[in-house]
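Everything on this sheet refers to the single structure shown next.
What follows draws every value from the coordinates through simple rules; no lab data is involved. A quick note: this is a predicted structure, and the numbers were derived from the prediction, not measured. In this analysis, Cβ positions are derived from the backbone assuming ideal geometry, glycine residues included, and neighbour counts consider all displayed protein chains.
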């Protein structure tokens, strides 16, 4: 277990280092932030001042070393656009994104798994066919279009839910979340649903395939022959055996939800990290983009670790161990 | 009976209008772009300047058409060519209760050009100016040379308080600690990317606003912004997308308000290279730069159907342009009209210039910087192709476009041959585009900073110099108009259209639309 952890940490360090090089040099090739940030009315002297102040007059490798030096002191750099530490900006927006991602994940699990299993064990039923056809729609409709349609139907025409923005927040156990107020939940439903739609379809299809395959296998037949209740057969024996691919995919998808809910956050004016990322990319706010992607790599590494731990809980044959140890 | 009914209705209406500002005195505003800070001196950026005009005042204000009106200064006059006297308004208090005096002006002038980490500061408006206190309510501003635009320059600087704001850091403004102004609204809350909340300043010197509380929410996605007002989640949105204007104008839930903008959309042409990188003969071989021939430039201008661009692409929310700034602004020419659409005339000019067979060219345009910019580039490419200039279109993200358009070529020269760009005149008068777009490039003097075609005409330069040295308004306006006439006569740039700024309110409200795109909540009231 310890060896496994150490190995994982070293891998993580390597990934972050490689990532930071790629991102830092990559974003330095694109455009020049000064052209975007400086007022069009500014003269050449003012442009030169900004270039100097941001350190853009130095060669890229020097900028990178300065950046590493900053990180060694816990400083991820200062946003060009906001003049505040990049890390602070990102952490400020993290709760909004995390609650959106969690809500979407919850929807995917609560809706996706039961529906998928139902379709999987009665594959010839009419309802199952509708479910499977519907899941294809969920896959193929573009997020931005679905988002706008949701707003149009539920906010503009029916007026049931607010169209955009994050609702009132309340503090629960020291974390301020909009999931704790009614207004907050009302604001959360549409963006979370928009984000979850694709994930629900994914989970439905995965569970469906797993359930179809497993329900033909001998152990299920034995369990039925033994006279176990249908509930126990499906809820314990079948479910446990089809969960590993579902957990893997959900883990990865959770990472994606956290990191790249850009489209949904933009359409619903959700003040999360994804919105910050896209704004920062458009304005070439390099420090924020680099810090953001490094944090996201770390988040993915942690999620993968949690997924591995879940495997061993689901399947006792899996141990937290690399092939080499 | 009828009379009684009419009186009853009138009374009811009267009561309703009296009551509504008291009862529902909260307004929610959907912004098109989030501010980058609450510090009014941190970033000279339109969304910041617009938002913060609700909290802070300037010595000189701009009216909705950007004409100068008294702000925190009650009056001003030029004592001589290089000295201006400003009489400050008495009895004005900051939101924290401290009185506004000359000391606040002095320390604001010191802070504005020197905010650390600023991505674009206000130093350019304060260059060559020193300020002296005469008494608590009089200051003198001295300049190194004649600066007739001094009041315009000062109309960009927000006055902060000596006790709370002058020594404060940008972070202190963002937390609200230092965000103490004299304006119609007080800072209440700022959640980056989510909302900015303000409450009314009941003691505002310009009268009390109709609203007790204002919540600004950035909704950058245009369709979502429109949906938000239709759903009733916000009461006012700025920058209504052109595609929705026709639909919204018929919708009983909203009212639209619009005015011509200070922004002109125009084409810059490569006029400085013998051989232009994106122009070739039809067979792809190198040719001499045809854009240096005035006849070719005029042919291009004649080939552009400005009415079609306005009607079809901009869906009516633009005005065909014949100069650098819409006619109603200071220093514009009365004689210049949009070039008439004339394909035959254009073809004839091309023939005269020896380009009967035409040539190949690429138009470069940003994608997403100006309203419908990429679409306009595509339309213009087709119009040019009609007179034999086979034009291909390349659109780029603004971040990439502006770097290459300004300094992408060898020795940091502009890279492209023919570009679509826009220019908004922050000062609301013609010297702003003349100095930046038309004047000969000279970094040591700060002229021609956005002259991406490198047009240069000593006669225009001389006229602009004379204008900028003339404190007499009428004389200056004449000189600026003359300079514009010469430059447009040369086709130094080719103007296409002026944008129109559009706001939408929920039915029953009205807003005074502004040429500078600012959303001023003070001007919003029940109808």
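Dividing the alpha-carbon Rg of region B:87-143 by 2.2 N^0.38 Å yields what?
Values: Rg = 12.8 Å, N = 57, 2.2 N^0.38 = 10.2 Å.
Taking the Cα Rg and dividing by 2.2 N^0.38 Å, one obtains 1.26.
Which FRET efficiency value, to the nearest 0.05, is calculated for residue B:475 and residue A:18 with the Förster distance at 51 angstrom and r the Cβ-Cβ distance? Each step should come with its number before you reach the end.
Numbers: r = 65 Å, r/R0 = 1.27.
Once the sixth-power term is evaluated, E becomes 0.20.
Relative to the longest principal axis of the Cα atoms of chain B, helix B:294-303 runs at roughly 60 degrees.
Order by neighbour count: B:298, B:31, B:480, fewest other Cβ atoms within 10 Å first, most last. Intermediate values should be presented prior to the final figure.
Numbers: B:298 21, B:31 24, B:480 29.
Least to most surrounded, the residues fall as B:298, B:31, B:480.
Computed over the protein assembly as shown, the alpha-carbon pair-distance distribution with 20 angstrom bins reads 13, 40, 33, 12, 2, 0, each value a whole percent.
Among the residues of B:393-400, the average count of other protein chain beta-carbon atoms within 10 Å of the residue beta-carbon is 4.
I need the semi-axes of the equivalent ellipsoid of chain B: take the C-alpha gyration tensor, multiply each eigenvalue by 5, square-root it, list largest first in whole angstrom.
On the way: eigenvalues 352, 181, 86 Å².
In descending order, the three semi-axes are 42, 30, 21 Å.
Compared with the dominant principal axis of the Cα atoms in chain B, helix B:473-489 is inclined by about 30°.
Average partner chain C-beta neighbours within 10 Å, per residue of B:440-451? Don't jump to the answer; show the numbers that get you there.
Numbers: counts 0, 1, 2, 5, 3, 3, 5, 2, 2, 9, 4, 0.
Per residue, the number of nearby Cβ atoms from other chains is 3 on average.
By definition, a body whose alpha carbon gyration tensor gives a ≥ b ≥ c is prolate when a/c is 1.5 or more and a/b is larger than b/c, and region B:218-370 fits this prolate description. Arranged from fewest to most other beta-carbon atoms within 10 Å of their beta carbon, A:129, B:375 become A:129, B:375.
The angle between the Cα long axis of helix A:86-121 and the longest principal axis of the Cα atoms of chain A comes to about 20 degrees, rounded to the nearest 10.
Taking R0 as 45 Å, what FRET efficiency do you get between residue B:462 and residue B:77 from their Cβ-Cβ distance, rounded to the nearest 0.05?
On the way: r = 28 Å, r/R0 = 0.62.
So, using R0 = 45 Å, E works out to roughly 0.95.
Helices in chain B, meaning DSSP H runs of at least 4 residues, each add -39500 (n - 2.57). Divided by all residues, the mean residue ellipticity at 222 nm is -8000 deg cm²/dmol. The fraction of all Cα pairs in region A:150-280 landing in successive 10 Å bins from 0 to the largest distance is 11, 28, 26, 20, 13, 3, 0, given as whole percents. Label sites at residue B:367 and residue B:250, each approximated as a point 7 angstrom past Cα along Cα to Cβ, lie 3.2 nm apart. Pairwise Cα separations in region A:1-127 fall into 5 Å bins from 0 onward with the following percentages, short to long: 2, 8, 10, 13, 12, 12, 11, 8, 7, 6, 5, 4, 2, 1, 0. Shape annotation for chain A: C-alpha extents along the principal axes are 84, 61, 38 Å, from largest to smallest. Pull out the extension gain between residue A:45 and residue A:248, defined as 0.36 nm times the separation in residues minus the alpha carbon to alpha carbon distance; nm, one decimal. Once the chain is fully extended between residue A:45 and residue A:248, it gains 67.6 nm. Evaluated at q = 0.08, 0.10, 0.12, 0.17 Å⁻¹, a Debye calculation over the C-alpha positions of region B:262-499 (equal weights, vacuum) places log10 I(q)/I(0) at -0.27, -0.43, -0.63, -1.31.
By the equivalent-ellipsoid construction on the alpha carbon gyration tensor, region B:425-514 comes out with semi-axes of 30, 16, 12 Å, ordered largest to smallest. Taking a ≥ b ≥ c as the square roots of the eigenvalues of the alpha-carbon gyration tensor, region B:33-218 is classed prolate because a/c is 1.5 or more and a/b outweighs b/c.
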